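The block underneath contains the structure these notes are about, expressed in structure tokens.
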Protein chains: 2
Amino acid sequence: MTISQREVHLINHPDGMPQPSDFAVVETSIDDPGEGQLLVRNDYMSVDPAMRPRLSNGQQALNTPMMGGAIGTVVASRHADFAEGDCVQSQQGFCEYFLSDGKGLAKLDPGELPVTLFMHVLGGTGLTAYGGLLVTGELQDGENVFVSAAAGAVGSVAAQIAKIKNCYTIGSAGSAEKCDWLKNDLGLDAVINYKDGNLRQDLKAAAPKGIDVYFENVGGDHLEAALPRMNPLGRIPVCGMISAYNTPGARSTGITTLSNMIYNRITMKGFVVYEFNDMREQFLSDMTGWIKDGRMKYSETIHNGISEAPEALIGLFTGENIGKMLVKLSD
Amino acid sequence: MTISQREVHLINHPDGMPQPSDFAVVETSIDDPGEGQLLVRNDYMSVDPAMRPRLSNGQQALNTPMMGGAIGTVVASRHADFAEGDCVQSQQGFCEYFLSDGKGLAKLDPGELPVTLFMHVLGGTGLTAYGGLLVTGELQDGENVFVSAAAGAVGSVAAQIAKIKNCYTIGSAGSAEKCDWLKNDLGLDAVINYKDGNLRQDLKAAAPKGIDVYFENVGGDHLEAALPRMNPLGRIPVCGMISAYNTPGARSTGITTLSNMIYNRITMKGFVVYEFNDMREQFLSDMTGWIKDGRMKYSETIHNGISEAPEALIGLFTGENIGKMLVKLSD
């Protein structure tokens, strides 16, 4: 039986902020699985800031499904390792259904936890925060930590790990609602609404003992303000620079405070999540424990239906999400 | 017998480029050494880019001798460890003569080498290049290296160490004369006159295999151009950012290419020479060997007389020096 399904294609490489017209929802048909194949129905798609650079740097081809992660359910299988009803995590891109030979699929057993957690706190998002802060950032117990975009998916995990490690933790976010969540629900020591005030002055006031680790998600004005506040031997793990993704090159905010790195012997270091693959077991053990004992909280911002995927992606850059941005495809 | 001597004071904290009027040559008198003291006549003073930040950040007090290193001769001694005629290195600042109780003085035995080498290739300047490139920069044999301000005192040592380590070595400098020296005397593989051309395009052309280590002396346009050329896991030891010293804050060139650090997992790290004190013996052994076998060349730009010290310092920022800037006080 052939089924029809929809997928999201990039049809134009955006220069600045992506527009809905840069994407198309395309209908295709899929045959029944052949021998050794299985058919997956995606239930949730992950929407991540890291998708943005790929739209313009050549990694995301036009007229093919947007690259991205998803969680789905096996609806038909002629593959020995997968049975109907299995929950699987994939990197097959933004589509409702796909055929697979099983390669690159991971079976999930979420147990009592919501399956979507494997797309954020228990997935690559969480591992990014965990490895970036503890390995790249070499976080020590009790240090002074600043996390930008702290209400984002990665930032909210990083900020909470810092708190769990007894750090004085400052977070920035772009709305009063996000700041309330950070302060009252996540228990950060200080929060900065970077759209309402003077970031540089506010950060100075929020960091009376300086900053030992700045977990960098934003770049631009945030990095400009953080560098003069860094303590000697401070570390800046660079996870992302979301402020620059839609204003490339000369249009983005230039950083003029880098000379602070010299006398304070600051290390700034870019990292990518795959570096931390070998610590996934420890990560899952720690994170599951923290979720269960209530020290690791999370939030999801959910769009419904594949046609909302472009809007969800654009929403990351307009600050729409608290926590993880997801697109729900199926109940 | 009281002698009169001159010293150079800072009398005004400069905001932009230092002016001769920011300094004063002041005459003072010095008594004969008392018991346990010695009198030193400075022969050469070291003029270094790192002096510039101190003029504005509060480290250099007004109406006191400019902080700085010198090499001199003991002309009278009532100290058990020093005899008349001893050659001594000091950090007593810009003055012709000074009394000392011996603390902070190092006796030098230059042997067959010119004594001034202990102010550059065999001194802190050389150790800065050596440690910054080999330790902070984690240089590996045969890598691709870019050194900015490669005709400067630190840069020329760093570039030659890179060549000794069989690296493809690119240097930038601000005049045809300096570029000729780098190419023809020091044997660099590629040179860029950053005042004559398009730095970004020229660096791209000069680095066909990218850059593994960028030894950063300049900041600004140089860093802006280097970041997109960095290879995966590249390192940027940050020794100085001379382009920013006289144009602080918002007036300096802002860096917009830092997001290149993320996917290429670049490390940028500030360092200070005292980190490398415990490797001084190995440094002196290596460097002496390289000087003697002709692989480490050097150049000195010498001003005569203490009253030229302000001019010499300003000359560092107008690009006057090839190699080490010195002020000669005595034959």
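The values are calculated or read from the model by the stated rules, or taken from the named source; none is laboratory data. All values reported here derive from a predicted model rather than from experimental measurement. As a convention, Cβ positions derive from the backbone with ideal geometry for all residues, glycine included, and neighbour counts pool all protein chains shown.
Here are a few things to note about the model shown:
- Entirely in the stretch A:14-87, the strands (runs of 3 or more DSSP E) that have 2 or more residues that are buried (at least 20 other Cβ atoms within 10 Å of the Cβ) and modelled with pLDDT of 95 or more: A:38-47, A:70-77
- Residue in the stretch A:90-121 that is farthest from A:Leu10 (Cα to Cα), counting only those that are crowded, with 24+ Cβ neighbours inside 10 Å and of a type in the set (A, V, I, L, M, F, W, C): A:Val121
- Subset of the stretch B:254-287 (residues that are facing another protein chain (nearest Cβ under 7 Å), assigned to a helix (DSSP H, G or I) and surrounded by fewer than 18 Cβ atoms within 10 Å (Cβ to Cβ)): B:Tyr263
- Residue check for A:Gly58: closer than 26 Å to A:Lys324 by Cβ, within 24 Å of the chain's Cα centre (by Cα) and among the small types (Gly, Ala, Ser): no
- Single unsatisfied condition, A:Gly240 versus (1) within 8 Å of another protein chain (Cβ to nearest Cβ); (2) closer than 27 Å to B:Ala50 by Cβ: (2)
- Only one entry of B:Arg235, B:Arg200, B:Arg251 meets the criterion of being farther than 23 Å from A:Lys269 by Cα and within 14 Å of chain A (Cβ to nearest Cβ), and that entry is B:Arg251.
For (1) facing another protein chain (nearest Cβ under 10 Å); (2) in contact with a Lys or Arg (Cβ under 9 Å, 6 or more places away or on another chain), each residue gets a yes or a no:
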residue: B:Gly187; (1), (2): no, yes
residue: B:Ala190; (1), (2): no, yes
residue: B:Lys195; (1), (2): no, no
residue: B:Gly220; (1), (2): yes, no
residue: B:Asn231; (1), (2): no, yes
residue: B:Tyr245; (1), (2): yes, yes
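- Test: residue in the stretch A:288-302 that is within 20 Å of A:Gly152 (Cα to Cα), away from chain B (no Cβ under 14 Å) and of a type in the set (Lys, Arg): yes
- Pairs, first assigned to a strand (DSSP E or B) in the stretch B:128-147, second among the charged types (D, E, K, R), C-beta under 8 Å, six or more apart: B:Asn144/B:Lys209; B:Asn144/B:Asp212; B:Val145/B:Asp212; B:Phe146/B:Arg229
- Residue list for the stretch B:288-309, filter: under 16 Å from the mean Cα position of the chain (by Cα) and part of a helix (DSSP H, G or I): B:Ala309
Residues are listed down the side, and each one gets a yes or a no for (1) surrounded by fewer than 24 Cβ atoms within 10 Å (Cβ to Cβ); (2) within 15 Å of the chain's Cα centre (by Cα):
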{"site": "B:Val135", "(1), (2)": "yes, no"}
{"site": "B:Gln140", "(1), (2)": "yes, no"}
{"site": "B:Ser148", "(1), (2)": "no, yes"}
{"site": "B:Val157", "(1), (2)": "no, yes"}
{"site": "B:Lys165", "(1), (2)": "yes, no"}
{"site": "B:Gly171", "(1), (2)": "no, no"}
{"site": "B:Ser175", "(1), (2)": "yes, no"}
